[in-house]
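Trainee: Handing you a structure now.
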């Protein structure tokens, strides 16, 4: 929530870390998502506590570039999550357990899963990776998911995407129990999000929301442009920012414009020139350039693109924003540049402790 409106913290609010200028690839966001949802689901209402948000210390100079220290805050959040997990276990409860299903041998998917399991281990969450060949039938995969849904030892479940072409990804996402859906892809969780209700949320939108909240960027009545309309990134980001801040899952009360592949570049430029916040999640290198941004705007880049470095000829990850040409006065947060999985661990642990009447299946939302 922006600084324009202050309300009591909702029972379903959360703490998230997002990196700063020239920081981290999207695989860290995925690593964060299940940790958030797992710990949130497991902490019981019998416990008590209160959320204390510790915002970033930003420059006091108006319109000076804002650089977010992701590493320092990530370590803080990791320690908080680890402490909550250990307190949970010390109280006589079993250690949280995540099951990850990986189909095929996609190198990118293998990297994502490895970083997720490492991140889980770093905060004391047990995990397992279930490997299945790309030739697995849809029926076999659905049967496996059903088995894991009914396994009381499994607290969180995710099926790594993409899946082979012969498997219906939507059917698979909807097969995962909504209560164990740490990716937030089940249609029930998507529907609850659209109705401003607490739910599991996809990691990247959650990260964007927390950048805005922790840096104190005002959203109430502000103009926001979201470049990209994907169901797992662009759409949820827009939904979080434009919805009512007084609802069960409070939104940003912003005026949001969404662009997509059919939006002409000149039309996009007209909108970004008026925007107080620009969020790019389109997957197009250099989509957002300096001449498109007004002074004092905040730019959040969560685009992920693999290109060839013109100097080394080696592949590298870049975002959607041309950082080299971005003026010093623009506040920029990027998802580029690091492979450290601990940088973005999201933890709504403390607000979960306040959820005296909130069903476990409703936790995990900002």
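The values are calculated or read from the model by the stated rules, or taken from the named source; none is laboratory data. Note that the coordinates shown come from a computational prediction; the quantities given were computed from them, not determined experimentally. Virtual Cβ from ideal backbone geometry, glycine too; neighbours counted across all protein chains shown.
Trainee: So in the range 158-209, with the set limited to residues that are touching a residue at least 40 places away in the same chain (Cβ under 8 Å), closer than 24 Å to residue 125 by Cα and more than 17 Å from the chain's Cα centre (by Cα), which one is surrounded by the most Cβ atoms within 10 Å (Cβ to Cβ)?
Mentor: 179
Trainee: Inspect the range 287-302 for any residue being on the phi > 0 side of the Ramachandran plot, touching a strand residue (DSSP E or B) at 6+ places or on another chain (Cβ under 9 Å) and touching a residue at least 60 places away in the same chain (Cβ under 8 Å) and give the result as yes or no.
Mentor: yes
Trainee: May I pose another question? For the range 258-271, how many residues are surrounded by 20 or more Cβ atoms within 10 Å (Cβ to Cβ) and within 18 Å of residue 221 (Cβ to Cβ)?
Mentor: 0
Trainee: Taking only the range 183-210 into account, find how many residues are under 24 Å from residue 319 (Cα atoms) and outside any loop (DSSP other than H, G, I, E, B).
Mentor: So the answer is 8.
Trainee: Look at the range 147-182 and say how many of its residues are outside any loop (DSSP other than H, G, I, E, B) and in contact with a strand residue (DSSP E or B) (Cβ under 6 Å, 6 or more places away or on another chain).
Mentor: Looking only at that region, the number is 7.
Trainee: Among the residues of the range 303-313, write down those that are assigned to a loop (DSSP other than H, G, I, E, B) and either at positive phi or under 23 Å from the mean Cα position of the chain (by Cα) (or both).
Mentor: Matches in the range 303-313: 303, 304, 313.
Trainee: Same structure, new question: Which one of these does residue 223 not meet: (1) surrounded by fewer than 24 Cβ atoms within 10 Å (Cβ to Cβ); (2) modelled with pLDDT under 95?
Mentor: (2)
Trainee: In the range 66-94, what count of residues is obtained for those that are in a loop (DSSP other than H, G, I, E, B) and either at pLDDT 80 or above or touching a strand residue (DSSP E or B) at 6+ places or on another chain (Cβ under 6 Å) (or both)?
Mentor: Qualifying residue count, the range 66-94: 6.
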